[in-house]
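Participant: Pasting a structure below so you can have a look.
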Amino acid sequence: MAGASSWSLREDDSQRIHVILAELLRECNARTAMIVDRAGQMVSVVGEEPVFDSVAFASLTAADFSANDQLARMIGEPEFGSLFHQGEKESMYLADIARRVILVVLFDNRTTLGLVKLRVRQTVVDLRQMFEAMFKRGSAGQPKVEIDFLGEAEDEIDKLFGA
């Protein structure tokens, strides 16, 4: 599995993700939808702004999915494509997208798991197609602007630390 650094999110990608996730939230009456990469970085948040530390949440989401991948293998499954965590008032549904990112849907008692699962199904298909195209585009080589930016950022960090 290639790392998150081998692909880039352009503005049009971000807007398309936002539209797809907003439609999902509208259709299933969930509160928040997020995309987290498998390295634990938050990619996108749509809907109600989380009241928790989103950096820690993204990291824990990636770890949760990785741990469950190991559990799946232990019982003879190649992976679990989705996970569900139910709380008394708040629940979350997680779905794998192209083995590189995770869709997270946060919902409460205003909706049901069945409706969330039903609506997530098509969303996963749409997002998988989109992300696979992004990954292919990224593996063809990073745009020169990004490479230049990374070089400049490294230079600035060196200046800050006197290297």
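Participant: How many residues are surrounded by 12 or more Cβ atoms within 10 Å (Cβ to Cβ), of a type in the set (Gly, Ala, Ser) and over 15 Å from Leu106 (Cα atoms) when one looks only at the range 68-93?
Facilitator: 2
Participant: Going residue by residue through the range 122-135, is there one that turns out to be of a type in the set (Lys, Arg) and surrounded by fewer than 18 Cβ atoms within 10 Å (Cβ to Cβ)? First the steps, then the outcome.
Facilitator: Of the range 122-135, the ones of a type in the set (Lys, Arg) are 128.
Then keep just the ones that are surrounded by fewer than 18 Cβ atoms within 10 Å (Cβ to Cβ); that gives none.
Within the range 122-135, none of the residues are of a type in the set (Lys, Arg) and surrounded by fewer than 18 Cβ atoms within 10 Å (Cβ to Cβ).
Participant: Moving to a separate point now. Just to check your reading of the model, which residue among Phe149, Phe65 is surrounded by 13 or more Cβ atoms within 10 Å (Cβ to Cβ) and at pLDDT below 90? Steps first, please.
Facilitator: Details: Phe149 fails: surrounded by 13 or more Cβ atoms within 10 Å (Cβ to Cβ).
Checking each option against the conditions leaves just Phe65.
Participant: Let me confirm something: among Ser44, Ser8, which residue is among the hydroxyl-bearing types (Ser, Thr, Tyr), within 22 Å of Val125 (Cα to Cα) and part of a loop (DSSP other than H, G, I, E, B)? Full working, then the answer.
Facilitator: Values: Ser44 fails: part of a loop (DSSP other than H, G, I, E, B).
Testing whether each residue is among the hydroxyl-bearing types (Ser, Thr, Tyr), within 22 Å of Val125 (Cα to Cα) and part of a loop (DSSP other than H, G, I, E, B) leaves just Ser8.
Participant: Restricting the search to the range 21-41, which residues are more than 15 Å from Asn109 (Cα to Cα) and surrounded by 19 or more Cβ atoms within 10 Å (Cβ to Cβ)?
Facilitator: Leu21, Leu24, Ala33, Met34, Ile35, Val36, Asp37, Arg38, Gly40
Participant: Let me ask something else. Of the residues Ala63, Ala58, only one is part of a helix (DSSP H, G or I), among the aliphatic types (A, V, I, L, M) and in contact with an Asp or Glu (Cβ under 9 Å, 6 or more places away or on another chain); which? If you could, list the steps in order and put the result at the bottom.
Facilitator: On the way: Ala63 fails: in contact with an Asp or Glu (Cβ under 9 Å, 6 or more places away or on another chain).
Checking each option against the conditions leaves just Ala58.
The values are calculated or read from the model by the stated rules, or taken from the named source; none is laboratory data. What you see is a predicted model; the values in this text were computed from it and never measured. Glycine gets a Cβ as well: all are built from the backbone with ideal geometry, and neighbour counts include every protein chain shown.
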